[in-house]
Amino acid sequence: MRLVRVMHPGYRRRMKKAIAIAPEVVGGTAAARLASAQALATAAARRGGHAPPTLIAVSKTVPAEAIRPFLAAGHRHFGENRVQEAQVKWPALRAEWPDVQLHLVGQLQSNKARDAVALFDCIHSVDRPSLIAALAAAMAREERRPALLAQVNIGGEAQKGGVAPADLPALLAQAQAAGLAISGLMTVPPADREPSPFFALLAQLARDHHLPWLSMGMSGDFDIASQLGATHIRIGTSLFGERKS
Ligand SMILES: *Cc1c(COP(=O)(O)O)cnc(C)c1O
């Protein structure tokens, strides 16, 4: 079995949808894959009365040569989950496509905050006071201010990053005190449950705190997230195929 996370029925159901538009099935060019994912997201957003979300192509583990066709097709928003991997791949690609917008979607260690601030345009994983302090210091030194999203552990899962919903107000207050603007919220819902209640809860939290951005939805559930008001969806498998690791 190539999919690592296929064990839960809920996730399997969602991945079936993802794979229905995955490159192994659809084939086609980078442009065709992007268009098919964007069309699904746009239709779902319209059903929910929302604007089409920004599609972030999550290129973690994908080599630069396989990213190039997506850049050549005009796509500009890309996501990575590890600072070091992004440092290896992106400077050369960015030299060719300077208007690329890079999103960090994985957990960030405080000792990598400066590297992350130097490279990324948006950091989706702000989830604790020590990281807020490290990011504030890094932004001052780098004279660069990437957009920041607070990651919420919406399902209260022990193994997952993100601030508990109950601790979100304190985290936002800490960010404000440190002079950092938080633009929105990000989450990864539990893999073995229906995602819609979790997406709805994240949207409610964002409304409560007057935060405009909502980063939610992956290959298996980005249509549901788009219908519930995602402004940013993070799609890897449906664009690049199944990851080997
Ligand atoms: C890998 C990853 C994605 C993309 O997942 P797919 O299921 O391959 O679309 C999105 N968000 C985060 C945080 C990720 O780590």
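The values are calculated or read from the model by the stated rules, or taken from the named source; none is laboratory data. On a predicted model such as this, the values are computed, not experimentally measured, just so you know. All Cβ positions, even for glycine, are placed from backbone atoms using ideal geometry, and neighbour counts span all protein chains on display. The accessibility values were calculated without ligands, DNA or RNA, using every heavy atom of the protein model including side chains. Shrake-Rupley method; radii C 1.70, N 1.55, O 1.52, S 1.80 Å.
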Inset, instruction - Test G156 against the stated conditions and say whether it is in contact (Cβ under 8 Å) with a residue 12 or more places away in the chain, part of a loop (DSSP other than H, G, I, E, B) and of a type in the set (G, A, S). - result: no
Inset, instruction - Could you please find all residues in region 207-217 being without any contact (Cβ under 8 Å) to a residue 60 or more places away in the chain and closer than 20 Å to R193 by Cβ? - result: L214, M216
Inset, instruction - Kindly indicate whether A138 is open to solvent by less than 40 Å² (accessible area, probe 1.4 Å) and either in contact (Cβ under 8 Å) with a residue 12 or more places away in the chain or within 23 Å of V58 (Cβ to Cβ) (or both). - result: yes
Inset, instruction - Please work out if S226 is of a type in the set (G, A, S), modelled with pLDDT of 95 or more, closer than 23 Å to D121 by Cα and crowded, with 24+ Cβ neighbours inside 10 Å. - result: yes
Inset, instruction - Having 1 or more residues that are more than 11 Å from the ligand (Cβ to nearest atom) is the bar; report the strands (runs of 3 or more DSSP E) wholly within region 177-245 that clear it. - result: 184-186, 213-215
Inset, instruction - Within region 115-128, work out how many residues are open to solvent by 10 Å² or more (accessible area, probe 1.4 Å) and touching a Leu at 6+ places or on another chain (Cβ under 7 Å). - result: 2
Inset, instruction - Would you confirm whether any residue within region 159-174 is under 14 Å from the mean Cα position of the chain (by Cα) and open to solvent by less than 60 Å² (accessible area, probe 1.4 Å)? - result: yes
Inset, instruction - Within region 235-244, identify whether any single residue is in contact (Cβ under 8 Å) with a residue 60 or more places away in the chain, open to solvent by 30 Å² or more (accessible area, probe 1.4 Å) and of a type in the set (V, I, T), and answer yes or no. - result: no
Inset, instruction - Sort out which residues of region 176-199 are surrounded by 14 or more Cβ atoms within 10 Å (Cβ to Cβ) and within 16 Å of S215 (Cβ to Cβ), and write them in order of number. - result: I182, S183, G184, L185, M186, T187, V188, P189, P195, F198, F199
Inset, instruction - May I ask you to list the residues in region 210-222 that are out of contact with any helix residue (DSSP H, G or I) (no Cβ under 6 Å at 6 or more places or on another chain) and under 20 Å from L171 (Cα atoms)? - result: H210, L211, P212, W213, S215
Legend entry - Sole exception among (1) over 30 Å from P98 (Cβ atoms); (2) of a type in the set (A, V, I, L, M); (3) buried (at least 18 other Cβ atoms within 10 Å of the Cβ) for A133, by number: (3)
